[in-house]
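These notes concern the structure reproduced below.
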Amino acid sequence: MQNPSSDYLRVTDVLSPFSGVASIPKDILKRASERGTAVHEYCTAIIQGMPLIDVDEAHKGYIKSFGQWYCDIDYKDFEFPDRFYDHDLMITGECDVIYDNCIDGWTLVDFKTSARESKTWKYQGAAYAFMAKNKDINITRIEFVRLDKHGEAPIVYDYTKERSANWQEFMTLLEVYRKWFKSNPNAEYLEHL
């Protein structure tokens with residue numbers, strides 16, 4: 001099933017009411033989203049060995065930070081998997097990249113440009129790793145890499161050990177989301193409380 005119905009929920013949408021983003025002004029969120037998209041494109045280009053063209057000055061620190069992570073990891077291969085789906089739970093999500101970590105299998109990676117760790121990243125990673133099994137990808141490590149805007153070393157959050165507990169908590173959040181946010185006509189109001 002390549003194009004699931006619009007009833008599928010994006011993992012990030014499910015987690016948004018619990019992440020605190022509702023309290024951030026929309027213009028700031030828009031700029032953060034644009035920055036994240038641009039930085040992800042640069043990271044992808046570097047991994048694929050493509051030259052970087054027209055790099056915005058505001059993104060150079062993130063790229064330098066990414067370079068430190070990229071040079072420090074041991075890997076055999078990188079892949080950019082298609083969007084993940086779970087047809088039973090009707091959820092979907094997409095990580096940035098996976099790589100063969102030369103030790104025990106595939107590491108799932110999501111790059112972040114925010115100023116601090118989000119309390120929902122661990123649930124996002126657990127959901128992506130769960131859905132990766134549907135593509136016969138065995139994720140053995142979950143890394144969220146927070147790139148530094150000043151070019152300093154990135155902070156790598158390893159959510160592997162608590163993966164099972166995070167998956168169970170994600171399932172609870174999914175149930176709450178479906179009950180209180182997705183079908184509630186006051187959901188937009190509730191998100192701003």
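Quick notes on this structure:
- Selection of region 154-187 for residues being part of a loop (DSSP other than H, G, I, E, B) and surrounded by fewer than 12 Cβ atoms within 10 Å (Cβ to Cβ) yields Lys161, Ser183, Pro185, Asn186.
- Which listed residue is touching a residue at least 40 places away in the same chain (Cβ under 8 Å) and surrounded by fewer than 17 Cβ atoms within 10 Å (Cβ to Cβ), from Gly151, Gly125, Gly93: Gly151
- Output for region 129-151, where each listed residue is out of contact with any helix residue (DSSP H, G or I) (no Cβ under 7 Å at 6 or more places or on another chain) and in a helix (DSSP H, G or I): Met131, Ala132, Lys133, Asn134, Lys135
- Taking the criterion of being part of a helix (DSSP H, G or I) and under 25 Å from Gly61 (Cβ atoms), the residues of region 77-124 that qualify are Trp121, Gln124.
- All positions within region 1-27 that are closer than 22 Å to Val145 by Cβ and at pLDDT below 90: Gly20, Val21, Ile24
- If the condition is being hydroxyl-bearing (Ser, Thr, Tyr) and under 30 Å from Ala22 (Cβ atoms), then region 88-141 contributes Thr92, Thr113, Ser114, Ser118, Thr120, Tyr123, Tyr128.
The values are calculated or read from the model by the stated rules, or taken from the named source; none is laboratory data. Treat the numbers as computed from the prediction; the structure is a model and nothing was measured. Cβ coordinates were reconstructed from backbone atoms using ideal geometry, including for glycine residues, and neighbour counts include every protein chain displayed.
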